[in-house]
Amino acid sequence: MNVVHKYGGSSVATIEKIKAVAQRVAEVKRSGSNIAVVASAMGKTTNELIALASQLGEDLPPREMDSLLSTGEQKTVTLLAMALSALGVPAVSLTGFQGGFVTNQNFRHAKIKDIRIEAVQKYIDAGYVPVLAGFQGIDEEGNITTLGRGGSDTTAVALAAKLGWDCEIYTDVDGVYTVDPRRCPGAKKLATVTSDEMMEMASLGAGVLETRSVELAKKYGVRLYLGQSLEPDHTKGTYIMDQMNFEEMPVTGISIREDCCMVTARGLQAGGAPVNALFSVIAALDINVDMISQQMGADGSCILTFSCSEEAAKTLLEQAPQRGFASPLELQPGLCKLSLVGAGMVTHSGIAGKAFAVLQEANVPYYQITTSEISISLTIDAQNAERAIAALAAAFDLCEEEEA
């Protein structure tokens, strides 16, 4: 089986861990499989580089920030290639540019346009293990770019798609759980989860995989696995699959997104112009919003509500009047967003009603509600999150019962 391995920052945080990863990669290579490796920056290197740059000011050139941040992964892959060579396994380190990753010019959040695979394929054919820097590429003008949060996952899946190989993501967690185990110790680990569920869970706050990587895997038919670093037993991780039997489990998991703020604009004139004006400001400030709702009053005016991060809400409150939106904005901070996710919702009725009843019984008020075919999301007070999670997890059988 030919495979791309991806190792996260915690898996390569020290020289000892890099040596252990090299040993695992060498075992796969010696078994007769072709293998390519994608690695993140060591430990907290990216955060350290950002902190270093921040000492020079706040409004730093995005192009130069990408050039700086790309050095973290380059250090990792060079050391890992050296470690493999020391074990007698031919290996070569490659930057995003050397690996053929061509992106657009959206610095800090670039999208992959193409992978010119010839260089990587040449090394594979010659018996080498190519070790590629994740999270980075190069635009058509030769500028170094980075892919944004979780970009190394995207690198690995995109490479696997181009090669027609499987992809295995290794990190410090041992799979996908129904609920974050740090918040629900009895959370169940999922042996399988559908691509649609994983994308929904990732976009709604589950941090184990980057949304774009799952989307790429689904689009190009990449067999995707998530497991703990150095664990060779694949029954202990999670496979992200295109389809599975979810008849007996309508809710697969709960995602939690913290740092939510509800923003409300009241008394907006009907006709759409004020709403358009507000969202033009939101777009100009590059603010991501969700859970948008609008209510029309008897007088024809409307109330608009949406959610975003608290920092973004404060920025909007400050900047909106200066950018031509005069209506007052009300902020309700201190919220979090809970999302029930499950492909089985398509064929099961009553999930929303059950969830609302559970929250009422747990004395947890909720505010905004949005739904998709496979998810139900609500905003609640952050102080009630633990109680809500425990109640919903118990009601939908997402946690093991505690022993007496």
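The values are calculated or read from the model by the stated rules, or taken from the named source; none is laboratory data. The structure displayed is predicted, hence computed values, not measured ones. Ideal geometry is used to build each Cβ from the backbone, glycine not excepted, and the neighbour counts take in all protein chains shown.
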Identify the residue in segment 253-284 that is of a type in the set (A, V, I, L, M) and under 22 Å from the mean Cα position of the chain (by Cα) and, among all such residues, is surrounded by the most Cβ atoms within 10 Å (Cβ to Cβ). ILE254
Answer yes if at least one residue in segment 354-370 is within 23 Å of the chain's Cα centre (by Cα) and in a loop (DSSP other than H, G, I, E, B), and no otherwise. no
Tell me, yes or no, whether segment 216-239 has at least one residue that is without any contact (Cβ under 8 Å) to a residue 60 or more places away in the chain, of a type in the set (S, T, N, Q) and in a loop (DSSP other than H, G, I, E, B). no
Quick one: in segment 58-87, which of the residues that are over 21 Å from LEU159 (Cα atoms) and touching a residue at least 24 places away in the same chain (Cβ under 8 Å) is surrounded by the most Cβ atoms within 10 Å (Cβ to Cβ)? ALA83
Could you tell me how many of the residues in segment 373-402 are of a type outside the set (A, V, I, L, M), farther than 20 Å from TYR177 by Cβ and surrounded by 14 or more Cβ atoms within 10 Å (Cβ to Cβ)? 3
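Any residue at all in segment 197-211 that is modelled with pLDDT of 90 or more and surrounded by 23 or more Cβ atoms within 10 Å (Cβ to Cβ)?
Scanning segment 197-211 turns up no residue that is modelled with pLDDT of 90 or more and surrounded by 23 or more Cβ atoms within 10 Å (Cβ to Cβ).
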If GLN295 satisfies all but one of (1) in contact with a strand residue (DSSP E or B) (Cβ under 9 Å, 6 or more places away or on another chain); (2) touching a residue at least 24 places away in the same chain (Cβ under 8 Å), what's the number of the condition it fails? (2)
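Could you list, in sequence order, all residues of segment 18-45 that are touching a residue at least 40 places away in the same chain (Cβ under 8 Å) and part of a helix (DSSP H, G or I)?
The first filter runs over segment 18-45 and keeps only residues touching a residue at least 40 places away in the same chain (Cβ under 8 Å), leaving 18-27, 29-30, 34-41.
Residues satisfying the conditions are ILE18, LYS19, ALA20, VAL21, ALA22, GLN23, ARG24, VAL25, ALA26, GLU27, LYS29, ARG30.
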Conditions first: (1) within 15 Å of the chain's Cα centre (by Cα); (2) in a loop (DSSP other than H, G, I, E, B). ASP174 passes all but one, so which condition is the exception? (1)
Can you list residue pairs whose Cβ atoms sit under 6 Å apart, with the first residue in segment 118-136 being more than 9 Å from ALA36 (Cβ to Cβ) and the second being exposed (fewer than 15 other Cβ atoms within 10 Å of the Cβ)? Count only pairs 6 or more apart in sequence or on different chains. GLY127/PRO90; TYR128/PRO90
Can you spot a residue in segment 316-334 that is crowded, with 18+ Cβ neighbours inside 10 Å, modelled with pLDDT of 90 or more and assigned to a helix (DSSP H, G or I)? yes
Just one of ALA26, ALA39, ALA53 is farther than 15 Å from GLY8 by Cβ and surrounded by 17 or more Cβ atoms within 10 Å (Cβ to Cβ); which is it? ALA26
